[in-house]
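Reviewing the structure listed below.
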Amino acid sequence: TNSESDMKKKSVIVSLVFTTLWISCSHKNKEFVTEYYPDGTLKSEIQVKNGIRNGITKNYDERGRLASTAELVDDKYEGWMFNYNPKNNMVTARALYKNDQQNGPATLYYSDGQLYREMTYVNGRVDSIVKTYWPGGKLQAEVFFNKGEPAVGLKEYI
């Protein structure tokens, strides 16, 4: 009857109000700042907490396609940074950051997503064997880098 219909409407309204409140509370002290290109295309989304960058930052190319993502803590790079090929959304580079410097593994990929180069960074400089691969995955070359400088002993493979 009419009162049953009214009860269902009130129940739906109450459910919507509680759902909205829950979503609002889950983002307490966090907001997203967005930037746009002059034509209105999304340029970046920056997660902010207490007025500074905290969380994931996403950058887009002029056509609105994802170009890169990075993790930040208290306005410093802390975590993984990824670059993407906007044409196919494949990862073209990934690097680990600690305390606003590249520290840890870094990997580069061909535009189709195949492995191109692997290395490790220490305090912002390459400090490891750098391995380069041919398309298809076969090892092309190895060279050791010490504190950002290539060392003796380049090995090339056919």
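Just the number, please: percent antiparallel of the DSSP beta bridges in region 40-158, rounded to the nearest 5. Working shown, then result.
Details: 47 of 47 bridges.
Antiparallel bridges make up about 100 percent of those DSSP assigns within region 40-158.
How large is the dipole of region 58-106 about the Cα centre if only Lys and Arg carry +1 and Asp and Glu carry -1, each at its Cβ, rounded to the nearest 20 debye? Display every interim value, and only then the final one.
Details: 7 positive and 7 negative charges, 63 e Å.
In total the dipole reaches around 300 debye.
Got the relative contact order for region 35-111 handy, in percent, Cα pairs under 8 Å and 6 or more residues apart? Walk me through the numbers before you get to the answer.
On the way: 169 pairs, mean separation 13.8, N = 77.
18 percent.
Could you sort Ile46, Ile158 by their accessible area in this structure, using a 1.4 Å probe and putting the largest first?
Numbers: Ile46 30, Ile158 175 Å².
Greatest to least solvent exposure: Ile158, Ile46.
Give Lys131/Lys155; Lys58/Lys98; Lys98/Lys155; Lys98/Lys147; Lys87/Lys131 a once-over and call out the pairs whose C-alpha atoms are over 21 Å from each other. Intermediate results must be reported in sequence, preceding the final value.
Working: Lys131/Lys155 10 Å; Lys58/Lys98 18 Å; Lys98/Lys155 30 Å; Lys98/Lys147 17 Å; Lys87/Lys131 26 Å.
Pairs exceeding the cut-off: Lys98/Lys155; Lys87/Lys131.
Heavy atoms only, probe 1.4 Å: what % of the accessible area of region 27-94 goes to carbon and sulfur, would you let me know?
Working: 2080 of 4380 Å².
Solvent-exposed carbon and sulfur of region 27-94 make up 48 percent of the total.
Assign unit charges at the C-beta atoms only (+1 for Lys and Arg, -1 for Asp and Glu), then state the dipole size of region 84-158 relative to its Cα centre in Debye, rounded to the nearest 20. All intermediate terms of the calculation are to be shown ahead of the outcome.
On the way: 9 positive and 7 negative charges, 19 e Å.
Magnitude of the dipole: close to 100 debye.
The values are calculated or read from the model by the stated rules, or taken from the named source; none is laboratory data. Remember, predicted model here, so these are calculated numbers, not experimental data. With ideal geometry, Cβ positions are generated from the backbone for all residues, glycine too; neighbour counts draw on all protein chains shown. Calculation scope for accessible area: heavy atoms of the full protein, side chains included, ligands and nucleic acids excluded. Shrake-Rupley method; radii C 1.70, N 1.55, O 1.52, S 1.80 Å.
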